[in-house]
Each structure stands twice: as C-alpha cells, then as structure tokens.
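The values are calculated or read from the model by the stated rules, or taken from the named source; none is laboratory data. Just so it is clear, the structure is predicted and the values come from calculations on it, not from any experiment. Glycine also receives a Cβ, built like all others from the backbone with ideal geometry; neighbour counts cover every protein chain displayed. In case anyone asks, the SASA skips ligands and DNA or RNA and just uses the protein heavy atoms, side chains included. Shrake-Rupley method; radii C 1.70, N 1.55, O 1.52, S 1.80 Å.
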Amino acid sequence: MRAEVVGPVLQASELGRAVLAAIEQLNPGVRVLDRGAYYRVLAEAPCVLTREAVEQITGHGFELPGDLEQVMPSFQGFLELGIDRVAWRAGRA
C-alpha cells in the first residue's frame, strides 16, 4: 500500500522558510516543490510541525495556529491543530 502525501503550501517569506526548515527537521524524507512565490510541502502522512521547532529557528515566539495561518494559504490532507503542535494527516483523527 502506498503512503498518502500530505502537507502545507507555504509562502516564500522569511517566516514561511522558517516553518519549512522546521518541517524538514521533524519529517525525514519530506519533498519540497519550490514554485518561486510559494513552497509545496509533500510528506508521507503524518507531517508534523511544532511551535518549539519554529521558535528555535527564528529565535522568537511563534503562535499556533495564528502565525502558521499567515504563511499557509493552503494544504493537502486533514489538519489537526493544537497550541504546541500541528499535524497534516491522511484521514480524520
């Protein structure tokens, strides 16, 4: 059985690149399609992002889900939101 691909679309901004770097650290094997103005993240489900990982990269606070929503115009899969962690899943939790 083939794994389902999930993940966010991120704006190519400073914060978007920090979120992308955190996703790459937390999800081995993630693929990224660089479309110039945005990045399409393709990961085997689940694809995880933590507040702490982004804060370590940026050196300042990162609020979930609000700060993520500012740089994520779209995503593939089902999004599970929390204040410390988000996950893109292939099916509903």
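Hey, what number do you get for the chain at 222 nm if only DSSP H runs of n ≥ 4 count, each worth -39500 (n - 2.57), divided across all residues, to the nearest 500? Write out the running numbers ahead of the final one.
Values: 3 runs with 27 residues, N = 93.
That calculation yields -8000 deg cm²/dmol at 222 nm.
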Problem set entry | Inter-label distance for Leu79 and Glu52, nm, one decimal - labels placed 7 Å from Cα along Cα-to-Cβ | 2.3 nm
Exercise. What whole-number value in Å² describes the accessible area per residue of the chain for a 1.4 Å probe?
Worked result: 59 Å²
Exercise. What does the charge dipole of segment 2-42 about its Cα centre add up to, to the nearest 20 debye, if the Cβ of each Lys and Arg holds +1 and the Cβ of each Asp and Glu holds -1?
Worked result: 140 debye
For this session: Take the Cα atoms of the chain, find their three principal axes, and give me the spread along each one in whole Å, biggest first.
Result: 41, 29, 22
For this session: For Arg17 and Leu42, compute 0.36 nm times the residue count separating them, minus their Cα-Cα distance, and round to one decimal in nm.
Result: 7.5 nm
For this session: Would you kindly state the longest site-free stretch of the chain, with sites defined as trypsin sites (Lys or Arg not before Pro) in a DSSP loop (not H, G, I, E, B) surrounded by at most 14 other Cβ atoms within 10 Å?
Result: 36-91
For this session: Would you tell me the accessible area of Phe75, worked out with a 1.4 angstrom probe on the heavy atoms of the protein chains, in Å² to the nearest 10?
Result: 80 Å²
Exercise. Against the longest alpha carbon principal axis of the chain, how many degrees, from 0 to 90 and to the nearest 10, is the axis of helix 14-26 turned?
Worked result: 50 degrees
Problem set entry | Simple label model, 7 Å out from Cα along Cβ direction - Ala90 to His60, nm | 3.9 nm
